[in-house]
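The values are calculated or read from the model by the stated rules, or taken from the named source; none is laboratory data. This is a predicted model, so every value here is computed, not measured. Every residue, glycine as well, gets a Cβ built from its backbone with ideal geometry; the counts of neighbours run over all protein chains shown.
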Amino acid sequence: MFDDLPRARLAFLPTPMHRLKNLGESIGIDQLWIKRDDQTGISFGGNKTRKLEFVVGDAKAKKCDTLVTVGGIQSNHCRQTAAVAAVSGMRCILLLGGEEPEEYTGNILLNRMLGAEMKFFPDESAFTLNKRLDGIMDTLTDFGLTPYAIPAGAAMPVGIVPYAAAMDELNNQFKVNDFFPDRIILAVGTGGTLAGLILGAHMLDLDIDIIGITVSKSADQVKEEVQTLIERTVQTYSEIESFTPKINVDDSFIGKGYGMLEDGVVSAIEMFAKMEGIFLDPVYTGKAGLALIRMALAGVIKSDSPTLFYHTGGEPTLFTYSELGQK
Ligand SMILES: Cc1ncc(COP(=O)(O)O)c(C=O)c1O
């Protein structure tokens, strides 16, 4: 799918898809499986690596020499951008919303090791920086760079099609394993991953309920943004026909807000670790993991209903939550 688009082959694909037997037995789902995009390779992996393969392909085709993107201080997207820039021989400038910490931990520590240039904006957020990205690009051009702007989370058409292709990859794994899920559960930030999976399922004519667990924004806002991302992608690539997407987003697991650690999330992280040896992150996949467990225990997911949990990465932020280490 989308084989003729420029692409830098950077990820370890296909990522594994395997059964979660212990967790499935414990929460009462007979066929519970996981897709491991925490294993996309390069700098601890994560969902952005797939997107960035196409982004780097596009940037190189446009003869750009510098990748510029925005995020919060502990952005996984920024860390993966730093890594793909490093291996692709490109400069990387990261615009981070928030105060520069005294000590570098987690993703910013990795950004520094990867050689990215980080600029901290204490009075801004990823959201406000995202809006100013075009203006910042003009300044960088004036300095003689040929920059390529990547919005937060690479939520742009060239970052959506890789997840339609990921659905194609999954579909092959469904056939090989004779496992056809009724639903896929995943964490949602910008909605790009969700938009791509919905697009892919549509293109392959798959009847799967794809449930996005938003970690910060309201369900209505995410639905609107996902709708817009799909429309922009359809307009960009002539091979995709226009369609009316079914967008399923659940905002009941936001808790106290973005990045706020809560007992339920900690329990979900510990259940995945103790039963399957898999780490979730506190910001994204921990909330999606909690959603999966709660839905199963509440009987919303029936025991005979095959379910896929989509792991989107993010583990380096585990090391920034000192609360998790307290005795
Ligand atoms: C670990 C992890 N999971 C999920 C997401 C959300 O992905 P998207 O922005 O495509 O919705 C992110 C985004 O930064 C992430 O870092």
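Summary table
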quantity	calculated
Residue check, residue 49 part of a helix (DSSP H, G or I) and closer than 21 Å to residue 13 by Cα	yes
Candidates 133, 96 - the one that is within 14 Å of the ligand (Cβ to nearest atom), touching a residue at least 24 places away in the same chain (Cβ under 8 Å) and farther than 21 Å from residue 37 by Cα	96
Matching residues in the stretch 289-318 - criterion: being among the small types (Gly, Ala, Ser) and either closer than 17 Å to residue 48 by Cα or at pLDDT below 95 (or both)	313, 314
Hey, residue 246 out of contact with any Lys or Arg (no Cβ under 8 Å at 6 or more places or on another chain) and either surrounded by 14 or more Cβ atoms within 10 Å (Cβ to Cβ) or under 23 Å from residue 293 (Cα atoms) (or both) or not	no
All positions within the stretch 191-215 that are under 23 Å from residue 300 (Cα atoms) and not small (Gly, Ala, Ser)	194, 197, 198, 206, 207, 208, 209, 210, 211, 213, 214, 215
Cβ-Cβ under 7 Å pairs, at least 6 apart or on other chains, the stretch 194-222 side in the same structural domain as residue 250 (by TED's automatic domain parsing) and under 21 Å from residue 182 (Cα atoms), far side within 14 Å of the ligand (Cβ to nearest atom) and among the aromatic types (Phe, Trp, Tyr)	196/163; 197/163; 200/163; 213/253
Matching entry among 133, 145, 110, 129 (being of a type outside the set (Phe, Trp, Tyr) and in a loop (DSSP other than H, G, I, E, B))	145
Test: residue 229 is in contact with a helix residue (DSSP H, G or I) (Cβ under 8 Å, 6 or more places away or on another chain) and within 24 Å of residue 157 (Cβ to Cβ)	yes
Filter result for the condition that a residue is part of a helix (DSSP H, G or I) and either in contact with a Phe, Trp or Tyr (Cβ under 7 Å, 6 or more places away or on another chain) or not assigned by TED's automatic domain parsing to the domain that holds residue 144 (or both), over 59, 83	59
Some residue of the stretch 52-65 being farther than 24 Å from residue 311 by Cα, in contact (Cβ under 8 Å) with a residue 24 or more places away in the chain and in contact with a Cys (Cβ under 9 Å, 6 or more places away or on another chain)	yes
Single residue of 46, 41, 24, 89 found to be without any contact (Cβ under 8 Å) to a residue 12 or more places away in the chain, closer than 30 Å to residue 178 by Cα and not hydroxyl-bearing (Ser, Thr, Tyr)	24
Qualifying residues in the stretch 6-46 (those that are of a type in the set (Ser, Thr, Tyr) and within 16 Å of the ligand (Cβ to nearest atom)) - the one surrounded by the fewest Cβ atoms within 10 Å (Cβ to Cβ)	15
Restricting the stretch 282-305 to residues that are part of a loop (DSSP other than H, G, I, E, B) and either buried (at least 19 other Cβ atoms within 10 Å of the Cβ) or not assigned by TED's automatic domain parsing to the domain that holds residue 271 (or both), the residue that is farthest from the ligand (Cβ to nearest atom)	301
